[in-house]
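Reading through the structure tokens given below for one structure.
The values are calculated or read from the model by the stated rules, or taken from the named source; none is laboratory data. If you're wondering where the values come from, they're calculated on a predicted model, not measured in any experiment. Please note: Cβ atoms are built from the backbone with ideal geometry, for glycine as well, and neighbour counts cover all protein chains shown. Only protein heavy atoms, including side chains, enter the accessible area calculation; ligands, DNA and RNA are left aside. Shrake-Rupley method; radii C 1.70, N 1.55, O 1.52, S 1.80 Å.
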Amino acid sequence: MLQTIRDNSKGVIAGILVGFLVIIFALSGAEALFSGSTQSSEVATVGGEAITETQVAREIYRQRQQILSQYGDSVPSEFVSDERLREPAINNLVQRQILIQHARDRGMAVSEQTLDQMILTNPQFAGEDGKFDSNRYQQVLRSSGFTPAQYKQVLRQELLLNQMAMGVGNSGFVTADELERFAALNYQTRDFSYMTLTQAQVADEVEITDADIQAYYNENQQQFRQPEQVAVDYIDLSVEALMDRIEIDEATLRDQFEENQAAQQSRQVEVRVAHILFEKGSEERVNEVQEALASGEDFAELASEYSDDLGSKGQGGELGFITADGFPEPFVAAAESLEEGEVSQPVTTDAGTHLIKVLEKRGNEEVTFEDARDQIARQLKRVQAENEFVTLMERLSELSYNAESLAPVAEELGLDVENTGLFGRSGGPGIASQPAVTEAAFSEEVLERGNSSDLIELASDRVVVLKKTDHKESFIKPLAEVSEQIGNQLRQERIRSLLAERGEALREALEQGQSLEALAAENGLEVKTVEDAERNEAGIPRALSSHVFSLPKPQGDAVVSGVSTGNGYALVSLTDVTPGSWSALSDDQQQSLRSNLARMQGEQEYAAYRTQLRAQVDVEQ
Amino acid sequence: MSDLTEEEQLEALKRWWKENGKWVVTAVVVAVGGYFGWTTYQDQQLAKATSGSALYSELLDTLRVQSGEAISDEARAEVAELVSQLKENHADSAYGINAALIHAGQAVKDGDLETAESELRWVLDQQPSEETRQLAQVRLARVIAAQGELDDALAALEAGNPSKAMQAEYAEVRGDILSQQGNTDGAIEAYQSALESLDMQQQNRQRLLQMKLDNLQPATANDSEAPGPEENAS
């Protein structure tokens, strides 16, 4: 029976099925069926939502850019390596995801219109006329690796996070009586007298004998072990070095120059900028930021704190290279009039008020042959040297393999052979400071078998080959070599303990009721008296001042105590404590203290709030 | 069976439809209806959320323009109006709750502790989720303390029952209240516990707590156990 229906009503049933599919597609879009296939692999899930490898890669990139823009290119590359940044990047994404979910669960949302409005008024996407330019929008997004949908998503999330932070963190406060108590505590002053027994005063009494040194040497032999060392001959083959040997004649240089000129005709001035955007009506914040800049605060940090341009604030306000036709006219004019590193006066566009910083300028120089000569010569030399490098590298590899010594190899190739001198496993000067070289020098192949190493690639355009010339086993350094070092060390130790001993004795005498003055006279020390000393009073050693402020308050009698300072032992007699006063502070001080403490309080509370959220969410990694 | 005539086939289909047709139609209607119902519901939720979002943004803007200086009376009235709208229509979302928190913060700044207290109490009355409850509760305790009602403040703090993440906050406030009450030992204990549960990265906070703690050093004369931090340069 069923079979009958199937056979006979094929047309009808198929029709119904197709009808269903049509309805499903119409309702949800065909996309829904295929969207799963293009996603990259999951790194973690937060409350059931995935964090993908793509997101992690983007976050690592973002953090790296942030570190580089903050500390410059001098940051060692291992500090910004993928491995190093991966953990923090994932943590950050997880934290973010938790907050976003929290915001959504608690009924927060951002409308399409709001997002569209933000995109339309973002100067980054404005065309020549200062109005939104959709080509430019697409281009900017592509260059930062976003599709429009992804960009909107990120923007939406930024807005939600901001709304949450403003509500929870920024609503933190500090009450009037908390401020008064803070002022009383922080601006408390203390009166005290002190004298300092210095190292110099006990140094004469310390004597270190040869027997002491000998005894220490005997007891601590292992401290004086010289680790195993090796010396190697090496041939260092690099494009850089090869370039030095190449000569380029004048005529070739001129030809190349003409060619470059022709190619450069069409280039425009390009300026790489960062900006801080203030929406209309935030003049006070503009002033605030200008003052902060004047006092030397970092532009990128201020951007991430103050900028209303959510698209760039996370990147320290950076917009990349702008061209004359991509941004509103006043913005470009201001950017072009600045030198590298300068920050503009406030500039007004449709989007609001900008402070613009020029990070880099290029392309506007009128180049003469003399200016360009060295650079062109370098380029041409490099091309030639790179060719030679490849050939030489192959031959070096062939010849050094099984070679008795590297000297004839170097001679054959027209290169130099050099020796490192002895160095240990922790490396040495020059080329031995390269971990790859040290590792190869102590490898079985080189150290024990005495063969040449393989080619060690130090960079894409530099290789080294090694061969052992000397090897010294680990040994204990003889006493004569280390006796001075031991003597100094013992002396320092002895001085310190003597100082502490004397200091403690004086402190006990003080506590027994002897006066500071009497003790000073007895020991040839000088008493200094400080009145109304603040915390961190200038001229008082830090250790002494923080000790004085941690002493109990005197009730009638002075409180006496002693403390080791950097190079001495101080004896103190604390006579009076005066609380600070809120009303004695200037209006400005009060104002800034109030807002700083409220902000600090809010930040703390928001941090605790986030920790609490994290504890409530199911995170799998 | 395949030798049925076309007429018989049609007849079979009709019979099948008669038997099952009702169910098929019902199923389709329920599915489609359910789907539309669900999307309508979601759309409504979204519409509600975005309207809250718009009001909330307006609130933030009104406050932001005034940052740094005391807020003008006009703006203050606008803030109050926006907050009351948010509280009335969005009490079940973060917009209503956060608006009340913001208003409480603003009120403290203006010295209006009563408004601050009532806003925080309102937040707690909404039975918010745990992290928000604990936050509002500790703020409430501080506002009550600022009005001089130290015993009530302490009771509000006790009611907070903080989880691990919030312990440092609570302990510090507890220390502040106890030290105002003259309970030095209790305050010392509270500050110490705040220091212990503090995130090590919060150095400013640590310094402040240490300062509060040091200030309470028992004032016994000739205290030979005064802590001498053994600091040596070399």
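For A:ASP212 and A:GLU517, what is the calculated FRET efficiency with R₀ set at 45 Å and r taken between the beta-carbons, to the nearest 0.05?
0.75
Beta carbons within 10 angstrom, averaged per residue: use that to sort the peptides A:503-516, A:477-490, highest first.
A:503-516, A:477-490
If the cut-off is 22 Å between C-alpha atoms, which lysines fall inside it for B:LYS18, apart from same-chain ones fewer than 8 positions away?
Those lysines meeting the cut-off are A:LYS10.
Kirkwood hydrodynamic radius for region A:165-302: how many Å is it when counted over pairs of different Cα atoms?
About 27.7 Å, per the Kirkwood formula over Cα pairs.
How much accessible area is lost when chains A and B come together, counting both sides, with a 1.4 Å probe, in Å² rounded to the nearest 100?
Values: alone 36350 and 15960 Å², together 45970 Å².
Adding both sides of the contact gives about 6300 Å².
With the cut-off at 29 Å, tell me which of the pairs A:LYS313/B:LYS212; B:LYS22/B:LYS48; A:LYS280/B:LYS109; B:LYS48/B:LYS109; B:LYS164/B:LYS212; A:LYS313/B:LYS87 have Cα atoms farther apart than that.
Beyond 29 Å between Cα atoms: A:LYS313/B:LYS212; B:LYS22/B:LYS48; B:LYS48/B:LYS109; A:LYS313/B:LYS87.
For A:SER397, what is the net charge nearby, where nearby means another residue's Cβ is under 12 Å from its Cβ and Lys, Arg count +1, Asp, Glu -1?
Details: positive: A:ARG395; negative: A:GLU394, A:GLU398, A:ASP454, A:GLU457.
Once positives and negatives cancel, what remains is -3.
Under the Karplus relation 6.51 cos²θ - 1.76 cosθ + 1.60, θ = phi - 60°, what is the ordered set of whole-Hz ³J(HN,Hα) values for region A:56-69, x standing for Gly and Pro?
4, 4, 5, 5, 4, 4, 4, 5, 5, 4, 5, 5, 5, 6
Along the positive direction of the dipole of the protein assembly as shown (beta-carbon charges: Lys, Arg +1; Asp, Glu -1; about the Cα centre), which of A:ALA351, A:GLY566, A:GLN492 reaches farthest?
Most positive-ward Cα: A:ALA351.
Using a 1.4 angstrom probe on heavy atoms only, work out the carbon and sulfur share of the accessible area of chain A in %. Each step should come with its number before you reach the end.
Numbers: 15600 of 33190 Å².
That fraction is 47 percent.
Mind checking which aspartates and glutamates have their C-alpha under 15 Å from A:LYS361, skipping anything on the same chain fewer than 8 residues away?
Straight-distance partners of A:LYS361: A:GLU270, A:GLU318, A:GLU336, A:GLU339, A:GLU340, A:GLU342.
Starting with the highest mean, order B:75-82, A:241-248 by the number of other Cβ atoms within 10 Å, averaged over the residues of each peptide.
Ranked from most to least packed, the peptides come out as B:75-82, A:241-248.
Students often check this: by mean Cβ neighbours within 10 Å, which of A:292-298, A:229-235, A:535-541 ranks highest, and how do the rest follow?
A:229-235, A:535-541, A:292-298
State the three equivalent ellipsoid semi-axes of region A:268-362, derived from the C-alpha gyration tensor as the square roots of 5 times its eigenvalues, in descending order and whole Å.
Those come to 19, 14, 12 Å.
Return the average number of partner chain Cβ atoms within 10 angstrom of each residue Cβ along peptide A:564-572.
2
Whole Å is fine, so just give me how far the alpha carbon centre of region B:40-59 lies from that of region A:344-419.
That distance is 57 Å.
Accessible area per residue, 1.4 Å probe, Å², for the protein assembly as shown: what's the number?
Normalised by residue count, the accessible surface of the protein assembly as shown is 54 Å².
Express the carbon and sulfur contribution to the solvent-accessible surface of chain B as a percent, rounded to the nearest whole number, probe 1.4 angstrom.
Within chain B, the accessible surface is 50 percent carbon and sulfur.
Strictly greater than 34 Å: what percent of every Cα pair in chain A meets that?
Of the Cα pairs, 71 percent sit more than 34 Å apart.
Which residues in region B:181-209 place their backbone N less than 14 Å from a point set 7 Å from the Cα of A:ALA184 along the Cα-to-Cβ direction?
Taking a point 7 Å out along Cα→Cβ of A:ALA184, the residues of region B:181-209 whose backbone N falls under 14 Å are B:181-184.
So what's Rg/Rh here for region B:1-138, counting alpha carbon atoms and using the Kirkwood radius for Rh?
Here the Rg-to-Rh quotient is 1.49.
Expressed as a whole percent, how much of the Cα-Cα distance distribution for region A:379-429 exceeds 15 Å?
Values: 764 of 1275 pairs.
Here the tail beyond 15 Å accounts for 60 percent of pairs.
Please give the residues from region A:170-208 for which the solvent-accessible area of heavy atoms, probe 1.4 Å, is smaller by at least 40 Å² with all protein chains in place than with the chain isolated.
A:SER171, A:PHE173, A:THR175, A:ASP177, A:GLU178, A:ARG181, A:LEU185
Using a cut-off of 15 Å between alpha-carbon atoms, which aspartates and glutamates can reach A:LYS467, once sequence neighbours fewer than 8 places away in the same chain are excluded?
The qualifying aspartates and glutamates are A:ASP233, A:ASP236, A:GLU398, A:GLU404, A:ASP416, A:GLU418, A:GLU439, A:GLU444, A:GLU445, A:GLU448, A:ASP454.
Given the Cα-Cα distance of A:SER592 and A:GLU83 and 0.36 nm per residue of separation, how much length would full extension add, in nm? Don't jump to the answer; show the numbers that get you there.
On the way: separation 509, 0.36 × 509 = 183.24 nm, distance 4.09 nm.
Answer, rounded to one decimal: 179.2 nm.
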